[in-house]
Amino acid sequence: MADQVVIGVDVGSSSVRAGVFTLDGVMLGTASSPILEFHPKADFYEQSSENIWDRAGDVVRGALAEAGVTADAVVGISFDATCSLVVLDTAGKPLTVSETGEAERNVIVWRDHRAIDQVNRINAGGYDVLQYVGGIMSPEQEPPKLLWIKENLPKTWQKVGKFFDLADFMVYRATGSDLRSLCTNVCKWTYLGHESRWDLTFFDAIGLGDLFDADKVTSDVAPMGEKAGVLSAEAAAHLGLTTKTAVGVGIIDAHSG
């Protein structure tokens, strides 16, 4: 028990960081690596989920090396991340969110404000769910970003397999299990955590009634830190860990701080 450690991975706006900790919270090692960001024009910020996942592998391995512990000692890992929107196709591959059409650019970054028109229309509706997000929605939340994609990139919308908040994507990539965070879904997607449900009338009213078709977004939501599964063989090899490592449900980076 005394030799067991856990790993926390923080996906920020410009880098991925990992820390190795004892079970009583002492940090033994850390590593950081920058991530790509594309800024094609004012208010547009895009990233690559593959680049982020690649860097996660680098920093977990780097933190383990600095800590001087073996993969067998790691009993758990979890992720926090910015509230960025990740889009995958039905094969689980990156699907573009960019006007350039480049598949690599499949993340709309949290600070992206392309969806001003969409968020203004949503806020004008006075929907009941808005009372749980401060009365009005921000263009940094996911419904306006989703609506922007549907209205401006119809080919992307037609090909979507999954929409994720970034922390939930990291858990999905680590486990293969699509279990969403109560934190990300309440704060950024309007999931009604106190009732354990989505208000589907809201999504119908704003033109996103098909968002939940074919499990593009699921209703499988769990509290932060709950066990989402264990590392898949592919993820374990990528991170330098073992398939015995438990993966916790993720959280928004600011909330984890």
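The overall shape of the range 90-193, judged from the alpha-carbon gyration tensor, is oblate: a/c is not under 1.5, and a/b is no greater than b/c.
Can you give the Kirkwood hydrodynamic radius of the range 173-255 from its Cα pairs, in Å with one decimal? Kindly include the intermediate steps, with their values, before the conclusion.
Details: mean 1/r = 0.0709 Å⁻¹.
Final number for the Kirkwood radius of the range 173-255 is 14.1 Å.
Ligands, DNA and RNA aside, E151 has an accessible area near 90 Å² when probed at 1.4 Å. Using a Gaussian network model of the chain in which every pair of alpha carbons under 10 angstrom is joined by a spring, one finds that among A205, A71, A235 the greatest mean-square fluctuation is at A205. The angle between the Cα long axis of helix 142-152 and the main principal axis of the chain comes to about 60°, on a 0 to 90 degree scale. Here, the chain has an Rg and a Dmax of 18.1, 56 Å when only alpha carbons are counted. Think of a 1.4 Å ball rolled over the protein heavy atoms: the range 91-223 then has 40 Å² of accessible area per residue.
Applying 0.36 nm per residue to the separation of K244 and V26 and subtracting their alpha-carbon distance, the gain on full extension is 76.3 nm. Fully extending the segment from L130 to D3, taken as 0.36 nm per residue of separation minus the present Cα-Cα distance, adds 41.1 nm. Take E195: with every protein chain present and a 1.4 Å probe, its accessible area is about 90 Å². The listed residues K155, K41 rank as K155, K41 when sorted by accessible area, largest first, using a 1.4 Å probe. Entry comment: accessible area of the range 1-68 is 46 Å² per residue, from protein heavy atoms only and a probe of 1.4 Å.
Ordered from largest to smallest accessible area (heavy atoms of protein chains, 1.4 Å probe), the residues R61, R111, R173 come out as R61, R111, R173. Using a probe of 1.4 Å on the protein chains alone, the accessible area found for S177 is around 40 Å². Per-atom-type breakdown for the range 60-150 gives carbon and sulfur 50% of the accessible area (1.4 Å probe, protein chains only). Put a dot 7 Å past the Cα of E226, heading toward its Cβ, do the same for N123, and the two dots end up 3.3 nm apart.
Annotation: for a label point projected 7 angstrom from Cα along Cα→Cβ of A91, residues of the range 151-177 with backbone N closer than 14 Å are 159-161.
The values are calculated or read from the model by the stated rules, or taken from the named source; none is laboratory data. Everything numeric in this text was worked out from a predicted model, so none of it was measured. All Cβ positions, glycine included, derive from the backbone under ideal geometry; neighbour counts span all protein chains shown. Ligands, DNA and RNA are stripped out before the accessible areas are found, and what is left, the full protein with its side chains, is counted by its heavy atoms. Shrake-Rupley method; radii C 1.70, N 1.55, O 1.52, S 1.80 Å.
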